[in-house]
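Engineer: Have a look at the structure that comes next, please.
Read the figures in this text as sums done on the coordinates, not as results from a lab. In this text the structure is predicted, and so the values were computed from the model without any measurement. Glycine gets a Cβ as well: all are built from the backbone with ideal geometry, and neighbour counts include every protein chain shown.
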Amino acid sequence: MPGPGRPFKKGQGGRPKGSKNKRTVELKERLEELGADPIAVLVELMGSSEDEKIRTDCAKTLTGYLYPRLKSVELDVKADVLVLEPKL
């Protein structure tokens, strides 16, 4: 329940989840004004650079825009194991 120092009901935040913050919006608008496309620059650099490290770094950066980042998963395996020993 709203009250002093609590402008929102419990469980309701101010900004909707996933919305862009002010700086992100301003940066995107500025890049559009300049006609700059960082992804196009990375693709061009990756294709034209003779330095393998630069090409690799560009590819790694671009991969983040194509595929989700994988998270580690803890696996707890409990199984009965039968060990066979050779007869001599």
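Engineer: Convert each backbone phi in the stretch 61-75 into a coupling constant with the Karplus relation 6.51 cos²θ - 1.76 cosθ + 1.60 (shift: θ = phi - 60°), then list the ³J(HN,Hα) values in order as whole Hz, x for Gly and Pro.
Structural biologist: So the J values, rounded to whole Hz, are 5, 5, 4, x, 8, 9, 10, x, 6, 7, 10, 6, 10, 8, 10.
Engineer: OK, next. Charges at C-beta only: +1 for Lys and Arg, -1 for Asp and Glu. How large is the resulting dipole of the chain about its Cα centre, in Debye rounded to 20?
Structural biologist: It comes to approximately 980 debye.
Engineer: Mind checking the stretch 31-88 for GluC sites (Glu not before Pro) that DSSP puts in a loop (not H, G, I, E or B) and that have at most 16 other Cβ atoms within 10 Å?
Structural biologist: Here the GluC sites (Glu not before Pro) that fit, given the DSSP loop and packing criteria, are 50, 74.
Engineer: OK, next. Any chance you could list the semi-axes, whole Å, largest first, of the equivalent ellipsoid that the Cα gyration tensor gives for the chain, using √(5λ)?
Structural biologist: 44, 36, 7
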